[in-house]
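A short worksheet on the structure shown next.
The values are calculated or read from the model by the stated rules, or taken from the named source; none is laboratory data. Being a predicted model, the structure only gives us computed values, none of them experimental. Reconstructed Cβ throughout: ideal geometry from the backbone, glycine too, with neighbour counts over all protein chains shown.
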Amino acid sequence: MKTVDCCREDDVLDALTSGRWPDRADDDIKGHVATCAICADVVEVASAVLEVRNDEPGEMRIPSSAVMWWRAQMRARQEAAREAARPITVAQVVAAVTLVAVTVGALIALSPWFAVVLGGWMADVEITASLAALGAPSGMLTQGWVLSAVAIGLGVWLVLAPVAIYLAVADD
Amino acid sequence: MRDLTFTDVERLEAAELDVPFEMDEVAFRAFYDRTARSLWGYLAKMTGDPQAADDLLQESFYRFLRTRGHWESESHRRAYLFRIATNLVRDGRRRARRGHTVALPESDQSEILTAAGDHAEASVRRTDLRRAMDRLRPRERALLWLAYAQGHAHTEIADTLGVKTGSVKLLLFRARRKLAGILRAVPGHSAGGQS
């Protein structure tokens, strides 16, 4: 099985991180690194990584802990407020969609075109006969279009409401 | 989505809305002071973009604060913070791949060579080192950074990157091999400062 680590890695790393490598490192460690491929890689890579790390502080723009805490507080408050306002938003959206659905249903039901189309359709499927067979009142038979208009309004509502609610409460 | 109105905030503030952070201010600030610099360094290395590191640093600490968790130790807590940061970087990279946001650059963000004279050589060397690291896969870069720049233990690295502790040794070995090979191939490169 291939060896993936060396028992002296920590010693080598310690020499690197403490700044003793290479000038002030023990000869013992230097001798080991010269013969151990794994530790040679550790020296190569860790010294490169440490060099890059030590070069970074100049670019850092870290806010103070007080500023970070304050920003987190503000953001959490805003999110909580948004969360609390969500039921109101949903209710407003549902009301708006219901109004649209009722309007669409009423407009369709009142249009002469709809009466013609529905009349033909009811004759085709013999819905009047079916309702009569079920013992429905005669008023319903003549006003079947009202039921259809309500069904259309309900259909519109079912299609629009979920989409509208999603758009209203989605975070992004 | 509708914007919050001033009235919404006012109403909730009047109701003395409690902001539910698990950590109190003193504990958070102490933890932040201990970890922010190393987390920023990690994020800058992972994204290759100091600006993105600034944003992700804030997001990481915010998400950390919002988490309701109990940590066994300081290192466990720190690993959790780094894990949040790692996931944010990963998400950013995925979004960038889908083209929805500005890409988090993989390399060569900080190649501004302004130094002159004796400093020029050091700058070139640092640029070479950065380029070499940028040729690694994100996970390889994260492994090497956490192990050697941050000095994290294998268990902490495993927690941060979401891999098994037993796998860290092998993954680290492979990443190290790869970077060492790249570095040795750089013309004029001297091994580990041994010149």
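Can you pull out the residues in the stretch A:36-65 that are more than 7 Å from chain B (Cβ to nearest Cβ) and under 37 Å from the mean Cα position of the chain (by Cα)?
Listed by number, the residues that qualify are A:Pro57, A:Gly58, A:Pro63, A:Ser64.
Can you find a residue in the stretch B:146-164 that is closer than 24 Å to A:Asp14 by Cβ, free of Cβ contacts under 8 Å to residues at least 12 places away in the same chain and small (Gly, Ala, Ser)?
The answer is yes, given that some residue of the stretch B:146-164 is closer than 24 Å to A:Asp14 by Cβ, free of Cβ contacts under 8 Å to residues at least 12 places away in the same chain and small (Gly, Ala, Ser).
Among the residues of the stretch A:15-45, count how many are hydrophobic (A, V, I, L, M, F, W, C), in a helix (DSSP H, G or I) and touching a residue at least 12 places away in the same chain (Cβ under 8 Å).
8
If I ask for residues that are over 21 Å from B:Tyr148 (Cβ atoms) and of a type in the set (A, V, I, L, M, F, W, C), which ones from the stretch B:18-54 would you list?
Selection gives B:Val19, B:Phe21, B:Met23, B:Val26, B:Ala27, B:Phe28, B:Ala30, B:Phe31, B:Ala52.
Given A:Asp41, A:Asp23, A:Asp55, which one is modelled with pLDDT under 90 and surrounded by 12 or more Cβ atoms within 10 Å (Cβ to Cβ)?
Residue meeting the stated conditions: A:Asp55.
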